[in-house]
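Below is one structure, written out as structure tokens, with a few remarks after it.
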């Protein structure tokens with residue numbers, strides 16, 4: 001079985017999100033249900049599919065700026081009540097699916113909180129401008145020379 005990584009802070013208490021937030025597990029509602037698809041008799045009898053629901057709009061884990069950022073970045077995944085829903089049914093055990101869903105939740109929130117560096121405008125240097133004009137002049141000269149040969 002895989003070792004838990006640094007995303008889990010104090011097993012059972014909270015999920016650490018790179019970018020400054022820590023989501024308390026008490027705010028996450030987990031629901032198990034039967035997974036669909038192939039799997040034979042096992043899939044018909046086991047509730048291995050996990051659905052995690054986290055209310056972003058009421059969470060104490062985020063400050064106002066972070067909340068606004070997550071709400072706007074994940075708007076297509078958040079319902080009208082402000083609940084973010086993550087589902088996992090790829091694995092055969094409930095525990096593995098829960099870990100996968102929690103990892104996906106952390107990944108989504110971290111991506112939403114990640115700030116892109118502002119773009120700095122740059123200008124071409126004087127030498128670069130001169131080089132471009134010289135190349136243009138040479139190209140023009142070359143084409144002019146071709147023309148005179150055939151006229």
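Order of 95, 15 from fewest to most other C-beta atoms within 10 Å?
Neighbour counts put them in this order, fewest first: 95, 15.
Taking every eigenvalue of the Cα gyration tensor of the range 8-113, multiplying by 5 and rooting it, what semi-axes result, largest first, whole Å? Mind showing how you got there, number by number?
On the way: eigenvalues 146, 42, 23 Å².
Ellipsoid half-lengths, sorted descending, are 27, 14, 11 Å.
Neighbour counts of other Cβ atoms within 10 Å put 22, 122 in the fewest-to-most order 122, 22.
The ranking of 64, 134 by Cβ neighbour count inside 10 Å, starting from the fewest, reads 64, 134.
Values quoted throughout were computed directly from the atomic coordinates according to the rules given, and no laboratory measurement underlies them. Here the structure is a predicted model, which means the values were calculated and not measured. Don't worry about glycine lacking a Cβ; one is built from the backbone with ideal geometry, like all the others, and counts go over all protein chains shown.
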